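Peer 1: I have a structure here, written as structure tokens, and I will follow up with some questions on it.
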Amino acid sequence: NKNKNPRHYTRYRGSKLDDHEVSPPTTDFHEDDDVAVVESSADQVDAVNAPIVEKWNEMNGYLHKVNRPKRLTVSTHSAFSTIVTGFFFGAVVPCLSPGFHENGLPRLYDFLTFDNAFLAKTTALMFAISAVTGVLRLPPNSTKLRRLMFESCAWATVLMYTLQDSNIFMLDGGYSLDIFDGPGWFVTFAVFVGTVISTLEYLVEGIAGSDVEGRESLGLPFEGHRFGMGVVGTLAYLGISPLSLTIPPWFFDRSKDAFESIVVPGLHMVNGWNLSVNFIVEAYMGFGMLVSTLLFEKKIDQNQAAILLMVNFFITGAYDQFAVLIPSPSLPTELADIAAYASSITSSIPINETFFSLWAVSIVKAIWQLNDLQTERRKLKRQEDQQQQQQLVPVKIPIEESSDFPLD
């Protein structure tokens, strides 16, 4: 019926008739009434089908929503890290005791009162698991510098747990590794070597790594400054050296009799510090990895990351752990014996010299690689300049004089 409607025909076909007017045909019946009846019927059909169509659209949207891949609001790793944080603060909050240490330095936590060996061991294990799974969650396109930062922290946290679960720190039993026995010493030493290698690689990459992709976007504090990255890498390396007692000198002496007769009596005097030092360092590195992630996701900037790392140093208790290491004017006899024993070991075994030599070689390697990088960059710059000059130099095309077209 719509095709018989002259108005409909004129509307869609008139443009093809070379602008000639189309006259409606003469009919004996009233087509307008016929069209009105059809349109009224169509409206009635649409009115009847409207609820069905609306229901179908609603059902279709629901099916799309149900079949959509489910996304967890919080990842398993984040949930586990939150649980670890709860364990950590459950361990350190009872030690909160603002005041002064015996050497006169300000104090926020008094870790000498900590005495829960099981909680220390459990917290250290959970931090190690969180660090390792954090490395596994890194995107495949992560830069080498960012990956090395997380890997070095993961190695260090595993080392902290290995030491925490040994007879060096669990003085009253309940440990799994005997450092003075073959298997226990080998496992700890292997993890220690892996930590040293990973940390030195991070130091070299922080100084000499390529910045083609933009070091400011990697999610690492001080990443845009090579000197700053060198300082951070050096501090991380010193944190796992015998100088910081992370790896105590008696680990290399391997004399169990000397350890039990000289070291153990002194460590019993500071048993709270001895039990808590490893998982405190793990906590500081773990929250540092969190700050790095927030920086990478652009939720904080470089200045905020630096402030958070500084606050983290005090909130986690890392400051109090290092403050205790600064000796007071008068040490008890037991602690003085430990200091003398450690000094005798380092004088007979070149432990510190080896550590310093490895650091110096890494610094020289980083400077060498950085020089090669700068040389390659200058070479590429000269090539680009030559290409631009060749494009700007006018080309002279020789024109030969012919008899038909003289130049004069």
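Every number here is computed from the coordinates shown, using simple stated rules; none is lab data. Everything numeric in this text was worked out from a predicted model, so none of it was measured. Because the Cβ atoms are built from the backbone with ideal geometry, glycine has one as well, and the counts that use them run over all protein chains shown.
Peer 1: Mind checking the full-extension length gain between Asp181 and Glu297? Use 0.36 nm per residue of separation minus the Cα-Cα distance, one decimal, nm.
Peer 2: Residue separation times 0.36 nm, minus the Cα-Cα distance, leaves 37.2 nm.
Peer 1: Please give the peptides 76-83, 173-180 ranked by average Cβ packing (other Cβ atoms within 10 Å per residue), highest first, as a rough proxy for protection.
Peer 2: Averaged packing, sorted descending, gives the order 173-180, 76-83.
Peer 1: May I pose another question? Quote to one decimal, in nm, the extra length available between Leu325 and Phe80 on full extension: 0.36 nm per residue of separation minus the C-alpha distance between them.
Peer 2: That pair, Leu325 and Phe80, stretches by 85.0 nm at full extension.
Peer 1: Under the Karplus relation 6.51 cos²θ - 1.76 cosθ + 1.60, θ = phi - 60°, what is the ordered set of whole-Hz ³J(HN,Hα) values for segment 79-87, x standing for Gly and Pro?
Peer 2: Those phi angles translate into 5, 5, 5, 5, 5, 4, 4, x, 4 Hz.
Peer 1: May I pose another question? Please compute the length gained on full extension between Phe356 and Met310, using 0.36 nm multiplied by the number of residues separating them and subtracting their Cα-Cα distance.
Peer 2: 13.9 nm
Peer 1: Provide the packing ranking of 156-162, 230-236, i.e. peptides ordered by the mean count of other C-beta atoms within 10 Å per residue, highest first.
Peer 2: In descending order of packing, they fall as 156-162, 230-236.
Peer 1: Take the Cα atoms of segment 269-330, find their three principal axes, and give me the spread along each one in whole Å, biggest first.
Peer 2: 48, 22, 11
Peer 1: What do the square roots of 5 times the Cα gyration tensor eigenvalues come to for segment 86-131, in whole Å, largest first, as semi-axes of the equivalent ellipsoid? Mind showing how you got there, number by number?
Peer 2: Numbers: eigenvalues 118, 22, 18 Å².
Ellipsoid semi-axes (Å, largest first): 24, 10, 9.
Peer 1: Now for a different question. Could I have the simple spin-label model distance between Arg254 and Leu373, label points 7 Å from Cα toward Cβ, reported in nm to one decimal?
Peer 2: 3.9
Peer 1: Here's a follow-up. Pop out the ³J(HN,Hα) list for segment 120-136 in order, Karplus 6.51 cos²θ - 1.76 cosθ + 1.60 with θ = phi - 60°, rounded to Hz; leave Gly and Pro as x.
Peer 2: Ordered by residue, 3J(HN,Hα) equals 5, 5, 5, 5, 4, 5, 5, 5, 5, 4, 4, 5, 5, 5, x, 5, 5 Hz.
Peer 1: Please report the orientation-averaged projected area of segment 231-291, defined via the convex hull of its C-alpha atoms, in nm². Walk me through the numbers on the way to the answer.
Peer 2: Working: hull surface 19.9 nm².
The number I arrive at for segment 231-291 is 5.0 nm².
Peer 1: Where the eigenvalues come from the Cα gyration tensor of segment 273-369, what are the semi-axes √(5λ) of the equivalent ellipsoid, largest first, in whole Å?
Peer 2: Numbers: eigenvalues 211, 112, 22 Å².
Over the Cα atoms of segment 273-369, the ellipsoid semi-axes are 32, 24, 10 Å.
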